[in-house]
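The values are calculated or read from the model by the stated rules, or taken from the named source; none is laboratory data. Since the structure is predicted, the reported quantities are computational estimates derived from the model, not experimental observations. Here Cβ is always computed from backbone atoms with ideal geometry, including for glycine, and neighbour counts include all displayed protein chains. Heavy atoms of the whole protein, side chains included, go into the accessibility calculation; ligands, DNA and RNA do not. Shrake-Rupley method; radii C 1.70, N 1.55, O 1.52, S 1.80 Å.
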Amino acid sequence: MRQKRIDYLTSLLVLIVGFMGFQSCDEKNKPTPPVVEEVLSITPKEASIKVGETLVVKVLLDKKEVTAEAFFSTTPEEIISISKEGTVTAIKAGKATLKATYNGKQAEAVITVTEKEEEKPQEEWVMPYLRWFDSAEELIAFETKRGNVLKQKDEALQYYAFQTKSQKMPLIKYIVGRSIQIDITPELSKSEELKAFLEKNGFTYADNDWSKKYMILNSKYKTVIGFIYSEYPEYGTFFGFNRKNPTFESLPLPLLDWNASEDVIKTFEEKAGRKFLERRKDNSGRDEIIYGLQKEGEEYEEIFIARYTIKDGKLIKVLLQVTPANYIIEPMDNAFSVVPEFESYVKGLGYTISTVEGKNLNVYTNKEKGNKFTLGQWNIKMKNGRRRVFASMNFVPSDGPDVID
C-alpha cells in the first residue's frame with residue numbers, strides 16, 4: 001500500500017514539473033530581459049581644428065541626441081570654448097579634453113588645436129622649375145603645390161602650360177627638359193623691377209642695351225641659358241630659358257682590369273666614392289656586383305652606377321650607368337644622339353670610334369687600355385618613384401665581342 005502511494009506521489013510530481021515547464025513558455029510568463037545600461041558619447045570622439053575655426057559636436061545617449069541638455073567642461077580651459085548647442089571654437093594651439101555630463105553619465109572627446117597658417121601674399125614674380133632632367137610628373141607636382149593650374153598639355157610633345165596667380169607673369173609654358181617661356185608685357189621686360197628679380201635669382205643682363213628685341217642673360221646655373229624677347233613677332237613678349245647639357249671635369253670610369261679580383265674591385269670602387277649596393281645573379285646566371293654614387297644638386301640628381309659581371313671567377317663585362325644621361329647622350333624617345341663634348345672627351349682618353357657593320361652602333365676602342373665600349377639608353381624607375389633616363393657605357397675587353405648579352 002505504501003509503495004503504491006509513493007508511485008502515485010512520484011507521478012504527480014512529474015506531472016507538476018512538466019506543467020511548470022509548459023507554463024514557463026507561456027506568453028504571460030516570459031522571463032524578464034536583462035537591463036542594458038544606456039551609454040553617453042560625444043561625436044566626434046577625436047578631432048583637429050585650427051585656431052579660429054569651429055566644430056559642432058553632438059552628445060548622444062545611445063542614439064538619442066541630448067546635446068542641449070548636457071553640461072560641458074573643458075580641460076585646460078584656455079584651448080577651446082563650447083556653446084550650449086555644442087559648437088566648439090578653437091582659441092589657441094594645444095590639446096584639450098571636452099567632457100559632457102548628462103543624468104549622472106559622462107563622456108569625453110579630445111580636440112587638438114593647431115596654429116592657423118598665415119596666408120602668403122600673392123607672388124607677382126615667379127621662377128620656373130629649372131631641374132631639366134626631372135620627369136613631367138615632378139614638374140607638375142611642383143607647379144601644383146604652389147597653386148598654379150595646369151591649363152594646356154600635349155603629352156607627345158611633353159608641353160605643359162600653367163596659369164599662375166600673378167598678373168605680371170600669368171602663364172608659364174614648359175617643354176619638359178628643353179625650354180621654358182613666361183609671358184610678360186613689353187614694359188615689364190625692360191623694367192628695373194624685372195632686372196632686380198632676375199639678379200636676386202642668379203641672372204644678370206649680358207649688356208644693358210634695352211633697345212634690343214632680344215637680350216641674353218648670364219646665369220649662375222650650369223645648365224640654364226636665359227633670355228628675354230621683347231615684342232617677338234607672333235609670340236608677344238616673354239622671358240625664357242633653354243637647357244644646355246651639363247659637363248663633367250672627369251668621368252668616374254669603373255675599374256677596367258679584366259684580371260682584377262673582387263677584392264681589388266671593391267678597393268677601387270670604395271676609393272672612387274661608390275658604395276656597394278647589391279650582389280645578384282643576372283638573367284644568364286652570372287654574378288653581378290653593383291656599386292653606386294648619388295648626389296642631389298640644385299639643378300639635377302647625379303648618379304653613377306658600376307655593374308661588374310663575373311663568369312667562372314673572371315671579369316667579362318662592366319656596365320657604367322650615368323644620369324643625367326645628357327653627360328653622354330641626348331635622349332630621344334627610344335633613340336639617342338651622342339653629345340659632341342663626350343666624344344671629344346673620350347677621344348682625349350685615347351679611344352677611337354668605329355661603326356659596327358650593318359648596325360647603327362658606334363664602338364669606342366682603346367687597345368692600349370685593353371677595352372672597348374658601346375653606348376646605350378636606360379629608362380629606370382627609382383625606388384623613390386622618380387623616373388630617370390640613364391646613359392650606359394658597356395665595356396668589354398678590346399679583343400672580345402662588341403656586346404656580351
Report task. Would you check if Ile265 is under 32 Å from the mean Cα position of the chain (by Cα) and open to solvent by less than 70 Å² (accessible area, probe 1.4 Å)? Result -> no
**Report entry** Number of the exception - Val176 against (1) modelled with pLDDT under 90; (2) in contact with a helix residue (DSSP H, G or I) (Cβ under 6 Å, 6 or more places away or on another chain); (3) under 27 Å from Tyr300 (Cα atoms)
**Finding:** (1)
Query raised in the report: From the residues in region 187-222 that are open to solvent by less than 80 Å² (accessible area, probe 1.4 Å) and of a type in the set (Lys, Arg), which one is farthest from Gly297 (Cα to Cα)?
Result: Lys190
Report task. Taking the residues in region 216-228 that are part of a strand (DSSP E or B) and free of Cβ contacts under 8 Å to residues at least 24 places away in the same chain as candidates, determine which candidate is nearest to Ser179 (Cα to Cα). Result -> Ile225
Requested in this report: Taking the options Pro252, Pro340, Pro331, name whichever one is in contact with a Phe, Trp or Tyr (Cβ under 6 Å, 6 or more places away or on another chain) and of a type outside the set (Ser, Thr, Tyr).
Outcome: Pro252
Requested in this report: Scan Glu108, Glu137 and give me the residue that is open to solvent by 40 Å² or more (accessible area, probe 1.4 Å), farther than 23 Å from Asp333 by Cβ and touching a Lys or Arg at 6+ places or on another chain (Cβ under 8 Å).
Outcome: Glu108
Query raised in the report: Which ones in region 52-73 are touching a residue at least 24 places away in the same chain (Cβ under 8 Å), open to solvent by 50 Å² or more (accessible area, probe 1.4 Å) and in a strand (DSSP E or B)?
Result: Thr54, Val56, Lys58, Phe71
**Report entry** Unmet criterion (only one of (1) closer than 28 Å to Phe133 by Cβ; (2) of a type in the set (Gly, Ala, Ser); (3) in contact (Cβ under 8 Å) with a residue 24 or more places away in the chain) for Ser337
**Finding:** (3)
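Considering region 371-392 alone, what residues qualify as being in a strand (DSSP E or B) and open to solvent by 90 Å² or more (accessible area, probe 1.4 Å)? Talk me through it step by step, then tell me what you get.
Let us first name the residues in region 371-392 that are in a strand (DSSP E or B), namely 371-381, 387-392.
Residues satisfying the conditions are Trp378, Asn379, Lys381, Arg387.
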Report task. Could you grab the pairs with beta carbons closer than 9 Å, sequence gap of 6+ or different chains, first residue in region 144-161 and within 16 Å of Tyr129 (Cα to Cα) and open to solvent by 50 Å² or more (accessible area, probe 1.4 Å), second one assigned to a loop (DSSP other than H, G, I, E, B) and of a type in the set (Gly, Ala, Ser)? Result -> Gln158/Gly177
Requested in this report: Considering only region 223-236, state which residues are hydroxyl-bearing (Ser, Thr, Tyr) and open to solvent by 10 Å² or more (accessible area, probe 1.4 Å).
Outcome: Tyr229, Tyr232, Tyr235
**Report entry** Search result, residues across region 292-336 that are modelled with pLDDT under 95, in contact with a strand residue (DSSP E or B) (Cβ under 6 Å, 6 or more places away or on another chain) and aromatic (Phe, Trp, Tyr)
**Finding:** Phe336
Report summary line: Here the residues within region 198-213 that are assigned to a loop (DSSP other than H, G, I, E, B) and on the phi < 0 side of the Ramachandran plot are Asn201, Ala206, Asp207, Asn208, Asp209, Trp210, Ser211, Lys212, Lys213
Query raised in the report: Quick one: which of Glu368, Glu357, Glu299, Glu343 is open to solvent by less than 50 Å² (accessible area, probe 1.4 Å), acidic (Asp, Glu) and farther than 14 Å from Leu251 by Cα?
Result: Glu299
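Residue-wise test of (1) more than 20 Å from Arg307 (Cβ to Cβ); (2) without any contact (Cβ under 8 Å) to a residue 24 or more places away in the chain.
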{"residue": "Glu330", "(1), (2)": "yes, no"}
{"residue": "Asp333", "(1), (2)": "yes, yes"}
{"residue": "Asn379", "(1), (2)": "no, yes"}
{"residue": "Phe395", "(1), (2)": "no, no"}
Requested in this report: Out of the residues in region 81-101 that are of a type outside the set (Val, Ile, Thr) and assigned to a strand (DSSP E or B), state the one that is farthest from Leu60 (Cα to Cα).
Outcome: Gly94
